[in-house]
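A short write-up of the structure that comes next.
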Amino acid sequence: MNAQETVSRSFLTEPRFNFFKKTILIYNEYLNTNDGSYNTTNLRILYPLGNKALNFRFDLPIITTNSPDFTGQTGLGDIDLSIAYIPQMNEKTGIAFRGKINIPTATENAFGTGKWVFISTAFLGHYWDTQKQWFSITSLEQQFSFAGKKTRTPVNTTIFENDIYYSFQKNWVGTTAIIRYNFELQGWQNSIAVEYGRKLTPSFNVYIHPSVAIGSKKYYNNGVEIGFFLFF
């Protein structure tokens, strides 16, 4: 019991990386691209399993696009299902692994990949101070398609992400740097972002997350994500 209590206060308990409580997250992401804009409203449900070292996640995206071919159209995007597992933990450092399936449920080509995609991710999290105000999480992810429409472009992308958070009182601020290489397009799709969040109550949090894309084959120019999540 003591070991489980230690785990529940440690790795992946920071905002947006909570694997130990039942969580409902709703966010809205706006992306500006060369072909128009895309707006995604996503419902994410996280549910801990067993002794809470396992976590199930479900994502349901609704997408609205404003482009020459799909002006003002709204529809379902690709649904995601994932399982995360945390095999190692101590007071300051932990590792986790996640397997995710991207299901081609999009109602329009512009709303999804048209492919079944498997996404494997490894995480390393660390608290940098004894007060646990500074927290970093590094992840390495590989996405590849294994089935789907033959007319759609295969998915083969590697993503290396670094997040740093600082929490103070009821607030947190953070930075994100993503190095992303798309092997199918043979180009970089990197991005950087900042984040500010606030705990309105112990179980209700809000955040804003603006970002800018960088790279030869970037899939958007700039964007902003605003969301709130509830722990229970």
Of all residues making up segment 63-99, the number that are in contact with a strand residue (DSSP E or B) (Cβ under 6 Å, 6 or more places away or on another chain), open to solvent by 70 Å² or more (accessible area, probe 1.4 Å) and not polar (S, T, N, Q): 4
Filter result (touching a residue at least 24 places away in the same chain (Cβ under 8 Å) and among the aliphatic types (A, V, I, L, M)) within segment 88-101: MET89, ILE95, ALA96
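Residues that are hydrophobic (A, V, I, L, M, F, W, C) and farther than 23 Å from THR23 by Cβ: find the strands (runs of 3 or more DSSP E) completely inside segment 167-232 holding 2 or more of those.
Working: elements: 171-182, 190-201, 204-214, 222-231.
Strands (runs of 3 or more DSSP E) meeting the threshold: 171-182, 204-214.
Would you pick out the residues in segment 67-87 that are without any contact (Cβ under 8 Å) to a residue 40 or more places away in the chain and either in a loop (DSSP other than H, G, I, E, B) or under 15 Å from ASN55 (Cβ atoms) (or both)?
Narrowing segment 67-87 to residues without any contact (Cβ under 8 Å) to a residue 40 or more places away in the chain: 68, 71-83, 85, 87.
Once the filter is applied, which keeps residues that are without any contact (Cβ under 8 Å) to a residue 40 or more places away in the chain and either in a loop (DSSP other than H, G, I, E, B) or under 15 Å from ASN55 (Cβ atoms) (or both), segment 67-87 yields PRO68, THR71, GLY72, GLY77, ASP78, ASP80, LEU81, SER82, ILE83, TYR85, PRO87.
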Residue in segment 28-58 that is modelled with the lowest pLDDT, counting only those that are polar (S, T, N, Q) and closer than 15 Å to THR74 by Cα: SER37
Residue under evaluation PHE135, criteria (1) closer than 18 Å to PHE58 by Cα; (2) open to solvent by less than 40 Å² (accessible area, probe 1.4 Å), criterion not met: (1)
Per-region count, segment 139-165, residues within 19 Å of GLU225 (Cα to Cα) and open to solvent by 50 Å² or more (accessible area, probe 1.4 Å): 2
Qualifying residue in segment 102-122 (condition: in contact (Cβ under 8 Å) with a residue 24 or more places away in the chain, under 19 Å from the mean Cα position of the chain (by Cα), exposed (fewer than 14 other Cβ atoms within 10 Å of the Cβ) and in a strand (DSSP E or B)): yes
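The values are calculated or read from the model by the stated rules, or taken from the named source; none is laboratory data. This one's a predicted model, so the numbers in the text were calculated from it and none came from an experiment. Backbone-built Cβ (ideal geometry, glycine too); neighbour counts: all protein chains shown. Ligands, DNA and RNA are excluded from the accessible area calculation, which covers all protein heavy atoms including side chains. Shrake-Rupley method; radii C 1.70, N 1.55, O 1.52, S 1.80 Å.
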